[in-house]
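One structure is given here, and the rest of the page talks about it.
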Amino acid sequence: LQGQVLFLVPEMALTPQMISNLQSTFGDQVALWHSNLSEGEKIQEWARIVSGEARVLVGTRSAVLVPIPNLKLIVMDEEHEWTYKNEFVPRFWTHDVVDILVHGEWKKEDGKRNMVKVVYGTATPRVESLHKCRSGVWNLVELSERVFAQQMPDIQTIDLQNETKKGNYGPISERLAKALKQTIEQGRQAVLFLNKRGYAGSTMCRHCGHTFECPHCSHPMKAHFGGKSNNSPSPSYKEGSSIGKLICHVCGYLEDFPDSCRSCGKKDFNFRGWGTQQVESCLRELMPEIRVLRADRDSVTGRYDFERVLQQFENHEADVLLGTQMIAKGLDLEKVDLVGIVLADVGLNLPDFRAEERVFQLLMQVSGRAGRREKQGQILIQTYNPEAEIFEYIQDHDVA
């Protein structure tokens, strides 16, 4: 290395694997930066970077603010990710800060401009990024094929309306269950993706219709049961149970799950919408022998929790990795042949002009977790709207 390198990743979940890959080449010259580091660790890493002892800094968006005296290259992995936007003080968009580092008036003592090169990496670029490439502002370098795999995964959709007509109201369709069993019987692994944590999206009393809303922001409270449950009894609701929680995913308000309805006093609730905890419960009921690891904000709370879950899965201590968007991108999982997207419709109808673009990027990214070596991967997308145009683009692997 003739200078120093800043390697940006969209979230902390990707840092363990990236650090491991870079350390195999650069050894102790790699430093780490993210919000979960202690103050002492940040001071230590800061000093290593400023002194030049560390030549590569791997970090999340806040790493772009670390002063790197001999910066020559910036690599932004998964550049399309919205997590590169810092929505708290100091508010900034990482792409803008990178642009300043590349084109700003940063000068050395000899008065020459410190030329910094930047590489944006993604399999699903933003619309703005594609426009810059096509208009000549950025240079476009395309990978015509996958690094190890010989072919792209086979992507198919499953109409959940047909499952409902057959009386299956659960999150695992008949076709997905069959594919899971075949994959596990062959000694391979599967990934199940659902971008909703908790047990259910809303809770309603079957007798009086009372629903539980957040007293602060009026959003539906999400039911959570069991907390961390990796390789332990399945999280589920039991009548009269008080171990559950009601959590507002907007403002964070939390309270114990009630023993009975606050309006009529009955103990019979209807849960609407699936969360990762409910999917885990259904998996264990359908296939009691299955080994499931869940990765979401309820099961991954400590600094090293995700690294531990990932290591267990790579060691084949589990058959299925179930999780939210933290498992959707950047992970190189050798033995995964099947990816099941439990509900692809999540987020499509949000009042956001980027909603469809973000869902497309997320589904394409999670689809890339399967078939990363010799065998072709299989992707099963469950949806209530299989005719939607977005799924045609996904099936054709069309990101442009």
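For the reader, a short list of remarks on this structure follows.
- Student exercise, the chain dipole from Lys, Arg, Asp, Glu Cβ charges, in Debye to nearest 20: 420 debye
- Scalar couplings 3J(HN,Hα) for the stretch 315-326, obtained by applying the Karplus form with A = 6.51, B = -1.76, C = 1.60 to θ = phi - 60°, are 7, 6, 8, 8, 8, 10, 9, 10, x, 9, 5, 5 Hz; x denotes Gly and Pro.
- Cross-link reach list, aspartates and glutamates versus LYS165, counting only Cα pairs under 17 Å and skipping chain neighbours closer than eight places: GLU174
- Shape parameters for the chain, alpha-carbon atoms, Rg then Dmax in Å: 22.9, 78
- Take the chain with all the other protein chains still there, run a 1.4 Å probe, and you get 51 Å² of accessible area per residue.
- P(r) of the stretch 287-356 over all Cα-Cα pairs, binned every 5 Å from zero, in whole percent: 3, 13, 23, 23, 16, 11, 8, 3, 1
- The trypsin sites (Lys or Arg not before Pro) of the stretch 282-352 include none that DSSP puts in a loop with a beta carbon having at most 10 other beta carbons within 10 Å.
- Greater than 24 Å apart at Cα, pairs in LYS196/LYS329; LYS178/LYS335; LYS329/LYS375; LYS85/LYS132; LYS181/LYS245; LYS181/LYS335: LYS181/LYS245
- Convex hull volume per residue, computed on the Cα atoms of the stretch 267-400, equals 161 Å³.
- DSSP beta bridge pairing in the chain, given as percent antiparallel to the nearest 5: 30 percent
- Shown for the chain: the carbon plus sulfur share of the solvent-accessible area, taken with all protein chains present and a 1.4 angstrom probe, equals 49%.
- When you filter the GluC sites (Glu not before Pro) in the stretch 4-63 for DSSP loop state and at most 15 other Cβ atoms inside 10 Å of their Cβ, you are left with GLU53.
- Per-residue Karplus couplings for the stretch 210-223, computed as 6.51 cos²θ - 1.76 cosθ + 1.60 with θ equal to phi - 60°, are listed in order as 5, 10, 9, 10, 5, x, 9, 10, 6, 7, x, 7, 8, 7 Hz, Gly and Pro entered as x.
The values are calculated or read from the model by the stated rules, or taken from the named source; none is laboratory data. Since the model is a prediction, treat every value here as computed from it, not as a measurement. Don't worry about glycine lacking a Cβ; one is built from the backbone with ideal geometry, like all the others, and counts go over all protein chains shown. Note: accessible area is taken over every heavy atom of the protein model, side chains too, but ligands, DNA and RNA are not part of it. Shrake-Rupley method; radii C 1.70, N 1.55, O 1.52, S 1.80 Å.
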